[in-house]
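Here the structure is laid out as structure tokens; the discussion comes afterwards.
The values are calculated or read from the model by the stated rules, or taken from the named source; none is laboratory data. All values derive from a computational prediction rather than experimental measurement. Backbone-built Cβ (ideal geometry, glycine too); neighbour counts: all protein chains shown. Surface areas here come from the heavy atoms of the whole protein model, side chains and all, with no ligands, DNA or RNA. Shrake-Rupley method; radii C 1.70, N 1.55, O 1.52, S 1.80 Å.
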Amino acid sequence: MKNIKQFIQICCLAIVATACELDMPITGDPNPNLSIYDLRKIYNETPVVLAKSNMKAAVSITGVVISDVESGNAPSGKIVLQGYKGNMVSGIALDVGSEASQYRYGDSLVVKVEGLTLTRKDGVLTVENVPAASIERVASGKSPLISATFSSISALEAEVDKYESTLIALNSMFVVDPEVGKKFAHNLKITDWVSEIEVPVNAGAVFANQEVSNLANYTFLLQRNAQGSPVLLLQRLEHVEEMEMEPYRPGELYEGFPEDFSDKIGGSSNLNHDIVLPTSGLPWIFRGAYILNSGNFTHTNGYVNSTNKGDQTGLMMTGPEGSYIELNKNLYYGASKMELYLYPATATDAGAGKLPLQVSISYSKDSGVTWHQIGDLITITENKRYPDGPIPLDIDGIVRFRITLVKKGANNDGGRLGIDYIRIYQK
């Protein structure tokens with residue numbers, strides 16, 4: 001009886017406490033700073049006055065300056081500010097007039113924008129007429145992040161709105177009409193061998209008369225024009241990474257291969273990666289796959305038997321049908337053949353009901369815009385490596401490759417696919 005009384009007393013106290021908690025007022029001030037990501041969402045194709053009512057009770061934004069006024073190639077009269085919300089990188093232009101000269105690349109700013117107008121100006125989403133008194137520099141010398149990396153111009157054009165006013169990387173670009181001594185300010189255009197795009201450089205930019213590399217990786221401040229097309233503004237010469245084209249050696253293995261996926265990357269719940277750079281240095285896109293080391297691997301590179309197991313590290317595709325890996329760069333001398341290992345990842349993946357697995361190998365000659373299947377599907381029906389030998393190719397010019405899991409067992413519930421030791425040869 002005593003225990004029952006104690007239980008009733010505890011319940012009554014809990015009810016009273018809960019009732020008091022419901023009536024308890026919430027104290028504390030709202031965050032005064034709104035992310036640039038959320039700021040951009042306020043705009044709905046018409047100018048809007050920024051207020052606490054549409055800024056989640058905030059009054060300011062914060063970010064890092066990515067426009068370099070000292071370079072002479074920054075947007076005139078503007079500061080471009082880049083900020084972060086989780087893993088999302090967003091940017092915004094601030095119309096500050098002559099005050100733009102007071103701020104440096106890498107400055108960290110807090111900018112009061114309450115009462116100012118957010119609009120598109122010459123195509124760029126901009127906070128208009130920001131007074132100097134509304135800008136506070138809180139740090140300097142920051143290193144801004146790159147928001148996205150592209151290897152084709154068409155992919156960049158498709159995502160201009162998402163990455164406008166951020167730093168983006170555009171890799172493996174060639175100069176259109178290269179010539180000895182060509183300068184940055186001399187009508188520079190670059191190409192991915194499919195599309196071309198201008199790179200405007202002011203005659204007064206500090207790097208205007210520097211010679212251009214025929215092949216390079218670039219980092220640009222991405223703006224857009226009134227038609228919504230990308231405008232690529234180079235801010236610093238150090239944002240150009242010159243590249244040497246590998247020598248032409250017909251029939252020989254491309255540099256970077258074999259790709260044996262020897263670094264553990266991702267995990268069973270982390271299967272999608274836009275850029276993966278294993279030890280090989282080759283960039284890959286993963287959709288539904290990761291790299292791991294497992295004592296259950298018996299078909300990875302170097303495996304001979306239970307006493308000579310090789311590295312037992314490889315790529316495992318665990319996602320659904322349609323999962324793929326893609327070489328995220330162009331190979332410049334075509335392809336004469338491909339060799340690789342495809343297999344049920346482990347003995348369990350070759351068990352009852354787990355097979356067949358069907359795999360397609362495709363190539364693209366337009367930097368990944370369109371794909372063409374090579375030969376028939378490769379059908380895996382046994383616990384061994386496939387295919388039995390090299391895949392002969394006869395592809396000229398630039399090319400990249402994709403490997404796709406097309407069929408996974410009888411009902412998309414089959415075994416996991418192992419991929420290892422990819423080799424591609426120049427034509």
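Observations
- Under 5 Å from the amide H of Arg224 lie the amide H atoms of Val231, each residue being 5 or more positions distant or on a separate chain, with H modelled from the backbone and absent for Pro and chain starts.
- Accessible surface, per residue, of the chain when the full set of protein chains is kept, probe 1.4 Å, Å²: 48 Å²
- Cross-link partners for Lys309 among the lysines, with Cα-Cα distance under 20 Å and sequence neighbours closer than 8 places in the same chain left out: Lys264, Lys384.
- Shape call, the stretch 66-201: gyration tensor on alpha carbons, a/c limit 1.5: prolate
- The relative contact order of the chain comes to 12 percent, based on Cα pairs under 8 Å that sit 6 or more residues apart.
- For the stretch 165-174, 3J(HN,Hα) per residue [Karplus equation, 6.51 cos²θ - 1.76 cosθ + 1.60, θ = phi - 60°, Hz, x = Gly/Pro]: 6, 10, 8, 10, 9, 10, 9, 6, 9, 9
- Tensor-based shape of the chain (alpha-carbon gyration tensor, a/c under 1.5 rounded, otherwise prolate or oblate): oblate
- Multiplying the residue separation of Ala57 and Val176 by 0.36 nm and removing their Cα-Cα distance gives an extension gain of 37.9 nm.
- Cβ-defined net charge surrounding Ile285, 11 Å radius [Lys, Arg +1; Asp, Glu -1]: +2
- Descending by average beta-carbon neighbour count within 10 Å, the peptides 33-40, 383-390, 216-223 line up as 216-223, 33-40, 383-390, the highest first.
- The chain: most fluctuating residue of Ala158, Ala133, Ala51 per GNM, C-alpha cutoff 10 Å: Ala133
- Beta-bridge orientation, the chain: approximately 95 percent antiparallel, per DSSP, counting only bridges with both partners inside.
- Extension gain for the segment Asp263 to Thr279, taken as residue separation times 0.36 nm less the Cα-Cα distance, is 5.1 nm to one decimal.
- Applying 1/(1 + (r/R0)^6) with R0 = 25 Å to the Cβ-Cβ distance of Lys384 and Glu252 gives a FRET efficiency near 0.35.
- The stretch 318-329 - phi-based ³J(HN,Hα) in whole Hz, Karplus 6.51/-1.76/1.60, Gly and Pro as x: 10, x, x, 3, x, 5, 7, 10, 9, 5, 9, 7
- Each residue of the stretch 248-253 was assigned a 3J(HN,Hα) from its phi angle through the Karplus expression (A = 6.51, B = -1.76, C = 1.60, θ = phi - 60°), giving 7, 10, x, x, 9, 5 Hz with x at Gly and Pro.
- When each of Lys189/Lys365; Lys78/Lys329; Lys41/Lys112; Lys112/Lys189 is checked by Cα-Cα distance, pairs over 28 Å: Lys78/Lys329; Lys112/Lys189
- Packing order of peptides 414-421, 100-107, highest average first: 414-421, 100-107 (average count of other Cβ atoms within 10 Å over each peptide's residues).
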